[in-house]
1. Taking only the alpha-carbon atoms of segment A:503-800, what semi-axes of the equivalent ellipsoid follow from 5 times the gyration tensor eigenvalues under a square root, in whole Å, largest first?
2. How high is the relative contact order of segment A:300-498, in percent, counting Cα pairs under 8 Å that sit 6 or more residues apart?
3. Within a 10 angstrom radius of each residue's Cβ in B:45-57, how many Cβ atoms of other chains show up on average? Whole number is fine.
4. Find out how many positive minus negative residues lie around B:Lys109, taking Lys and Arg as positive, Asp and Glu as negative, among other residues whose Cβ is under 13 Å from that of B:Lys109.
5. Rounded, prolate or oblate: which one fits segment A:447-550, using the alpha carbon gyration tensor with axes a ≥ b ≥ c (rounded when a/c is under 1.5, else prolate when a/b beats b/c, else oblate)?
6. Indicate the gyration tensor shape class of segment A:300-498 (rounded, prolate or oblate), computed on the Cα atoms with a ≥ b ≥ c the square roots of the eigenvalues: a/c under 1.5 is rounded; otherwise a/b larger than b/c is prolate and the rest oblate.
7. Have a look at A:Ile328, A:Leu810, A:Ile349 and report the one farthest towards the positive end of the charge dipole of the protein assembly as shown, computed about the Cα centre with Cβ charges (Lys/Arg +1, Asp/Glu -1).
8. How high is the relative contact order of chain A, in percent, with contacts defined as C-alpha pairs under 8 Å that are six or more residues apart?
Amino acid sequence: MNMIYNIWIVAKFETKTLLRSWFFRIFSLLAIVILAFLGLGMYTNLAPVPWSFRGIPSSIPYTYILFLNLAQAVIAVFLSSDFLKRDKKLDTTEIVYTKSVSNLQYVAGKTAGILFTFLVLNVAVLIVAAVYNIFFAHSGLSPISYILYPLLISLPTILFILGFAFLLMVLVRNQAVTFILLLGYIAATLFYLSSKFYRLFDYLSFNVPLMYSGIIGFGNVRQLLVHRGIYLCLGISFILITSVMLKRLPQSKLSTRLSILFSGVFLIFALLLSFVHITTISKGEKTRKQIVNLNNSLEEIPAVRITECRLDVVHRGNKISSDAFLKIINRSSQPASEYIFNLNPGLKIENISRNSKEIDFKRNLHLIFITPGVPLGPSATDSLLIKYSGVIDENACYPDIDPEVIREDYRMAFMNIKKRYSFIKPDYLLLTPETHWYPGSDPGFSDNRPASRSVDFVLFDLDVKTRPDLVAISQGMPARKEEGQFTFDSETPMPGLSLVIGRYEKRSAVSDSISYNLYTIKGNDYFSEYFDSIKDTIPELIREEKENYENSLELSCPYSRISLVEVPIQFYSYNRFWTLGYETVQPEMVLLPEKGVNIRGGDFRGMAWRRKRRNKRRNETTADIENQVDMFKNFVSLTLTGDLSLSTLRRGPESQEISYSIFPFYYNFINHIESEEWPALNIALESYLSETLESPPSSFLRFVTGISDEEKANLELSESNLEEILKNPEKRDITRFVISLKGKFLFNLLANKIGEEKLKKYIKDITTRNRFRNISGSEFVAGLSKEFGIDIKPYIEDWYTSKDIPGFVLSDITTYKFIHNERTRFQVKFRITNRKPADGMVKITLKKRERQQQGRRFGPGRRRDSEAELTAVERNIFVKQNQTKETGIVLNYEPRTMTVNTMISSNLPSLYNKTFQEFELKKNVKPFDGERVVENPDTLPEAGTIIVDNEDAGFSVEGKKQRSLLKKMLPNLLGGDDDEKYSGLRFWEKSGNWKATINANYYGTIIRSAHFTSSGDGTLKASWQTEITENGHYDIYCHVSKVHSPWRRRKKKQKEGSYHYFIHHDDGVEEATVDLNAATEGWHFLGSYYFSKGDAKIELSNETEEKFVIADAVKWVKR
Amino acid sequence: MRISIEKLNKTYKGGYKALQDLTLEIDNGIFGLLGPNGAGKTTLMRILVTLMKPTSGSATIDGYDLANNRKEIRSLIGYLPQEFQSFPKLKTWEFLDYAASLAGVRNRKIRLNMVDELLEQVGLFESRDKRASKLSGGMKRRLGIAQALAGPPKILVVDEPTTGLDPEERIRFRNLLSEMSEKEMIIILSTHIVGDISSTCHDMALLDSGKLVFSGAPEKLIEMAKGHTWKIKAVDSELEGIKEKYSVISTFPSEDGWEVHLVADELEGFSGEALEPGLEHAYVYFLEHYSNGDKE
């Protein structure tokens, strides 16, 4: 009691002193004011901040405490070192030191005082957060999170940093040095260490997943307690050590010994927790590796496959128990002496029986090996009952995903979310096929077959027992027998089954006999108010959207019910090698994140806000119905029917965006091509079928990333063939892009050979015939060959094994209009030369501009929604190796842009965009629509002209590759990777050396690149050198490309700078200045000079008023 | 209540000996520690209030060993350091409240009454709500003594408490100590101002260069100086010679020149008359005497 009293007394007066400190008051006031202003921007109607910032109620206290924590960690350092400095004024402190208070009580009291002071600040900040939460955010309130975040974030952080600061201070005994050391430590942990070593050093918890779901809470309580416990224990340990090392005679030897003992105990406890933290994470990696190794050891795909599965599942507490009645068949031509099934290793098998007789089995990780006694003959069937119960071991999920990708943060704004793949809690359950919560015949990912999986189309029947207050959702015809008992009878075979249980409420709409259901957690209806005027119209809107989507895909959906199900925000899914689909989309079901956060079309409030602002700006009014219809369509198109592509040029660098595209309803869940010979055939077809859903790449992201994933895939393909890439685990990060690109290429190639319509018809026929059945690869290829009389096999073989890739040069683009049959027609002509020894194909897309509304796109420079470019013509042009083709396209309307996608090629960029100017009217011209091989290749430089491009050997730059300290510390935050051959032209980054970058505007043939550097004092130079073979006067030109960042467009009439070239000629060196205001894009004349035989050089300095200097190409033209 | 010090030594890093074989007994009442700067007074007091460890030797306070019973000893002590500043952010009464709380007065009502009494006692009641940083030098000293008295302590240790105080404050302070001495407690008063000792202490010790050179009643010290203090008349030309030859205590101008008070065993070359010694004379005589190696 005496001890507590003394601590309390010291703490009380320390708190009083601190609360009266102006330093602390100013800091607190600043913190509160800044956070209050932040809230104004983030949680009110003043700014269009995404819904994800506040959609989940805990987001607001989470963000506030996270920000406060950063600041208070620094301030705590000040205060703690200040206390010891104050204590150094011995004469004053000695009066306290002579009191009967032990050193531990004194230091603990001081610590408690500082902690209490920060508690006051935390409470004040949380009050601000609560005001926004309650009155402005419209996202509900999570009272518990207001207690949990200070406890989990602030308390361990402050205790640790105080203890650490005290300790350093008693060791160093110099406030300035201590302060510098501590600030350095904070900076190091914040910018570098916090995300390394399993986030072990993240004492600020900036990278610790702390998002608190309204459905399941944190979802990682153990991990959080362990991680935060480390810092709590370290803090206590340091404080105890400080009390021992304090420059004051200890009260008693016993108290000193106890302090040393407990300091050691807490230190050991912190180390143990660190060990637990690391081993927990590394255990996951180990398990995944073991699973893959086990799968690798399986020689072939298991022969015994499941055709029917009846599951009786009981959900009780944190566990499930299940009886699985399986009907199986031997699909191979050999008798099967062993059945292999896959079941999550967290689920323990009680017994396996056949006809009520138990049979032997072995379990190794996720695999069950059953010895049936009598081998199962080819095409013979059998049935089994497997009884099992337990939990889901999430370490067994996603064994194909790179550990680094698994470890990556799942962030939403500043908040970090725990990645979870399933949930079994007393009041919530979510199980998807990835968890293998029921026996399946697919063993899962194997390095031997990275691009394929074996798929069974199974007839599932499901009986579920759960708590009476919960609702179960799954695929199939649902029925509720009684409270807490549900059945789901399958109507179609499905490749997987999911089960969701929770406090759900259901909304339904029926259109064309299809039932569309929306399941949301009770109390999470944040959307109804935005659609109150179109309640009755929704079925019709759904029908319309579905029809449009199916028309664009030329496919149809087989389901009689489709459900959107709200699931906890922690539910995460990765993209895979063998499919474009994500785990978030299941047959009949899309699993949308909690409260619609983190999905593109879920921010209804933001959409309404933007609409209102636009109307105000334009002085327009739109009816509520119209607004709501637009919002609904936006939601559907951005979330469900949108882009399925993976490219970072479409989805942002390091994109973690999870796809909710319902495309798998149209292919993945209905059909599957299974092929041992060509395992990537299925994903190739999937990529081809979904190609129409791809949106054009963002020019903004080109500036950020420098090179697209497709281009990286092409660079990879120029070194290795598909077969090699698939087999190389080191290439996994690029494999999915390679497969997608190759897939589209293969089917476009086939489309070019046999006609697109014919190919699509063939695909439609074969997929319709084989609905809910596997199609063998050989059957697919043989059918194609037979139907069109072309041997397709060599194309596919070549597709797998060819290492050469084409390289295209686009030239002689001519456009004009003419009158034909009293109608104005528009002619576009160009030549394409394939300069490489491999056949290839380019995809030409001509677009017209039309007034239409369009959704918001990422990044600045997005198009206004009043005009959109609609595809007018699409054409694939097949160009053989070393061949030149002239192509003509005649249109009835004026095209605005032409996109040339070189698909698989060595072209950089792989995609050119050409914007057309005014079409000149021509008379007496012969329209040309089609393609023809021409003898003359693309235009080569004329005799007497020497061009040196930055890709040529004659080009060189000064300066070594440097990397700023900031860049080293913040590689992820600043984006891009200096190790890439081509960099993005990032406006916010200063480049101290020359870097290569690509853009279609730069000079080049196959590779259109330039070098750039930030403007400087003129000392950093790029130079082009050549050998002059003939004495004489030469005209000198430089290639000017006006490549500006997307932000430049906003600044009207902004003056451009100039570049300074230095021409080394016979009479010396002369400077030639290029005024970028006057210069047009293309070759720019610098002057005429006399050159004798021998070396000639032109230099460009980095002196300019522009942000960057771009060194592209120069040419010498003999007069 | 008794403090027993036995062969206490303190040697600082670098070899400086601040205390050498100090043996001393201190009983209830005001005990004066006198000595020139650097004599070891502060070191002794810091050892007694548990702020410092002696290099060797031992001390017991009320039977508690200084090395092993710091908790008990600290609960007996009130200490006023030489350069007391208080905590600038705390009000006068809050600071005393803090001191009283640390001294173990848990009952809030009793504590607040005690704080008010202390404030009355030291004449700071009117300034109870003032921050310590706003107090004058004398007021700060008074606040210092008040905090040292909070508890109240059984042993009060005050280090140079009257330095820098004006005469009025000094008299007030001495009176305060005298009042306190009537209670059953030890007050150790360290000073180099002889007047503080003579007017308050019943017992004293004289330290020089870390050694105890005298301990006993001040009267005893004065007694030892009897017959060695002189008053002589001198003209201007003689004054410098007198100062060089003897330890001059004071010099007063007179009608014929100067009246000089000095200490000396005998006068040579000057005529003068014996003077009744005071503590100041005794202190100077004793230090002179001692420094000549004629230890008592």
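1. On the way: eigenvalues 267, 107, 65 Å².
Square roots of five times the eigenvalues give 37, 23, 18 Å.
2. Details: 448 pairs, mean separation 49.3, N = 199.
Contact order relative to length: 25 percent.
3. Values: counts 0, 3, 1, 1, 4, 9, 8, 1, 1, 0, 0, 0, 0.
Taking the mean over all residues of the peptide, I get 2.
4. That works out to 0.
5. oblate
6. oblate
7. The Cα lying farthest towards the positive end belongs to A:Ile328.
8. Values: 2224 pairs, mean separation 76.3, N = 1119.
This gives 7 percent for chain A.
Since every read-out is calculated from the coordinates, none of them should be taken as a lab result. The model shown is predicted, which means the values in this text are computed figures rather than measured ones. Cβ atoms come from the backbone with ideal geometry, glycine included; neighbour counts cover every protein chain shown.
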